[in-house]
Amino acid sequence: MSRTVSSLVRSLVVLLFGVSHALLAQPGEGAKALTAHQTLARDIFRELVEIKTTVTIGSTKAAEAMAARLKSAGFADSDISLVGPRPQNMNLVVRYRGKSSLRPILFFGHLDVVEALRQDWSVDPFVFLERDGFFYGRGSSDMKDEDATIVANLIRLKREGYTPKRDIIVALTEHEETGDANGIQWLITNRRDLIDAEFAINLEGGGGESKSGNPILMKIQTGEKVYLDFQLEVKNKGGHSSRPVKDNAIYRLAAGLNRLAEYEFPIRLNETTRTFFERAAGNATGQDAADMLAILKSPIDTAASNRLAASSPYFNALLRTTCVATMLSGGHANNALPQSARAVVNCRMLPEDSRENVVATLTRVLADSGITISQIGNMDVSPLSPIRREVFENVEKLTATMWPGVVVTPVMSTGASDGRFLRKAGFPVYGVSGIFADMDDIRAHGRDERIGVKDFYTGVEFMYRFIKAIAS
């Protein structure tokens, strides 16, 4: 092929790639009706999704991009901090100055995302795509949508000349997905002065739940279950597989795990879960609705609580501490009796439960002194945050205006977020978001992650109103 023809082909390839990329990133039908604020939020959202912030890369580039936008909007250099343990693991902290000496409010979220492989997705996970009423891309629902929402609204408020009554602090952090101490933990330990606040808003801890496109529930996270891993191990002298004996390490461990599988921790309600079931009963029907009200009685209706737990893994997780086997290994050769067998058991404790009680329960249920129990890693105790009037009243008022009839309720997360580290450090933390997600189509950490286009724009408007309400 001649140099001229080759150059022409290369130019066409570059041009076609650029056009296709632009088309993928273009707004869908109706985008001409976007307001300037929606366009800004969408542009920031696109930029964040297309900056890869997986654990091996780090989030510094995304933090720097958001800092540049905030500086262009008029935030002073002295109010923008890029800090962290390593060049590739920097956290962004920005302060929006208020006009009183009231302690600040901290809004926080994370920039890092779980890895996504192109071959696992139907689209490129790190190319922002709007299609069929959804925005696609890794982090589109966990949680670059919320990152874009808070940055876009800081810029909007600054351009409008808004001055809050108290300082607003926003922290966009590293390594939430891995639990490494590079993000909010690093800030608490090394730069608490940058984030110290009266209370904190976790941008991913709450939000709306919808079903078949209909919003049904607005959640405010007030607590999280406590994450705790254990290793169970059985050791044995082993021997030749041609002469098996009854004392087999794998069988002993399996028998203990079977006993654990049959066990259920007792049901316990706290302020958050009691209020959740009381309010959720209004949206439930049939037996579930009746059981939600029945478990509020004292003593708890055992039959009702058992039915409710059996009807939904989520309800079961809200009602009790859970421990479940997640990993299993054993033996060392195909033709040898196993000399060891190991399992990992992951426990999610209610905030009012204790490690000592869980260990004692595991010991009793496994019922075998030959199964040793050892803790893996640290345990971060995260107390419930008390229900705070101004947070709940403002969310309730906004929800009644924007989604009439939707029930607002506190929730205890069955998973884990950076909120646990702040609660442990003495910050009351409340998960608040205006973005609704389909309860039957949760794709965070999974294939073809997405968020509804309409849900995103409505969430942007909700957060704008919430910031002004809570900071005024």
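Each value in this text was obtained by applying a stated rule to the coordinates, not by laboratory testing. This is a predicted model, so every value here is computed, not measured. Please note: Cβ atoms are built from the backbone with ideal geometry, for glycine as well, and neighbour counts cover all protein chains shown.
Counting C-alpha atoms alone, how compact is the chain: give Rg to one decimal and Dmax as a whole number, in angstrom.
Final numbers for Rg and Dmax: 25.3, 86 Å.
Loop-only check: which trypsin sites (Lys or Arg not before Pro) in the range 270-343 are DSSP coil with at most 11 other Cβ within 10 angstrom?
Lys297
Just order 206-219, 260-273 by mean Cβ neighbour count inside 10 Å, highest at the front, would you?
So the order, starting with the most tightly packed, is 206-219, 260-273.
With +1 assigned to the C-beta of every Lys and Arg and -1 to the C-beta of every Asp and Glu, and no other charges, what is the dipole magnitude of the chain about the Cα centre in debye, to the nearest 20?
Dipole magnitude for the chain comes out near 520 debye.
Please express the Cα-Cα pair-distance distribution P(r) of the range 154-198 as a list of whole percents, one per 5 Å bin, running from 0 to the bin with the greatest distance.
All Cα pairs, binned at 5 Å, distribute as 5, 19, 21, 16, 15, 13, 8, 2 percent.
I need the P(r) histogram for the range 170-225: all alpha carbon pairs, bin width 5 Å from 0 out to the longest distance, whole percents.
Pairs per bin, as whole percents: 4, 15, 18, 21, 17, 10, 8, 5, 2, 0.
Can you figure out the FRET efficiency of Asn357 with Val245, using R₀ = 30 Å and their beta-carbon distance, to the nearest 0.05?
For Asn357 and Val245, the calculated efficiency is 0.25.
Amide H to amide H, which residues 5 or more places from Leu228 or on other chains are under 5 Å from it, using H placed in the peptide plane?
Cys347, Met349
List the equivalent ellipsoid semi-axes of the range 353-472 in whole Å, largest first, each obtained as the square root of 5λ for an eigenvalue λ of the Cα gyration tensor.
After diagonalising the Cα gyration tensor, the semi-axes are 37, 20, 13 Å.
What is the Cα centroid distance between the range 33-47 and the range 266-332, reported in whole angstrom?
What the calculation gives is 40 Å, centre to centre.
What Rg and what Dmax come out for the range 121-164 when only alpha-carbon atoms are used, in angstroms?
Expressed in Å, the Cα Rg and Dmax of the range 121-164 come to 14.1, 45.
Using a Debye calculation, one point per C-alpha and no hydration shell, please list log10 I(q)/I(0) for the range 109-208 at q = 0.13, 0.24 Å⁻¹ in order.
The Cα Debye sum returns log10 ratios of -0.60, -1.34.
In whole Å, what is the distance between the alpha-carbon centres of the range 217-237 and the range 62-97?
34
Would you grab the residues whose amide H sits under 5 Å from the one on Ser210? Only those 5+ places off in sequence or on another chain, please, with H modelled 1.01 Å from N.
Under 5 Å from the amide H of Ser210: Ile216, Ala437, Asp438, Met439.
To make sure I understand the rule: partners must be lysines, Cα under 29 Å from the Cα of Lys235, and not fewer than 8 residues away in the same chain. Which ones qualify?
Lys246
Hand me the trypsin sites (Lys or Arg not before Pro) from the range 407-453 located in a DSSP loop with no more than 15 other Cβ atoms within 10 Å, in residue order please.
Sparse-neighbourhood loop trypsin sites (Lys or Arg not before Pro): Arg447.
How many percent of Cα pairs in the range 323-371 exceed 12 Å?
Across the range 323-371, Cα pairs with separations above 12 Å total 72 percent.
With a cut-off of 8 Å between alpha carbons and a minimum separation of six or more residues, what is the relative contact order of the range 226-376 in percent?
Averaging sequence separation for qualifying contacts and normalising by length gives 44 percent for the range 226-376.
Could you grab the relative contact order for the chain? Cα pairs under 8 Å, six or more apart, rounded to a whole percent.
22
Distance cut-off 32 Å, Cα to Cα: go down the list Lys158/Lys454; Lys158/Lys211; Lys99/Lys225; Lys297/Lys397; Lys211/Lys424; Lys52/Lys225 and report the pairs above it.
Check vs 32 Å cut-off fails for Lys158/Lys211; Lys99/Lys225; Lys211/Lys424.
Kindly rank 395-406, 359-370, 175-186 from highest to lowest mean number of other beta carbons found within 10 Å of each residue.
175-186, 395-406, 359-370
Can you give me the Cα centroid spacing of the range 380-439 and the range 128-148 in angstrom?
22
Run through every distinct alpha carbon pair of the range 414-472 and return the Kirkwood hydrodynamic radius in angstroms, one decimal place.
13.8
Dividing the alpha-carbon radius of gyration of the range 226-376 by 2.2 N^0.38 Å (N being the number of residues), what value is obtained?
Expressed relative to 2.2 N^0.38 Å, the Cα Rg reads 1.32.
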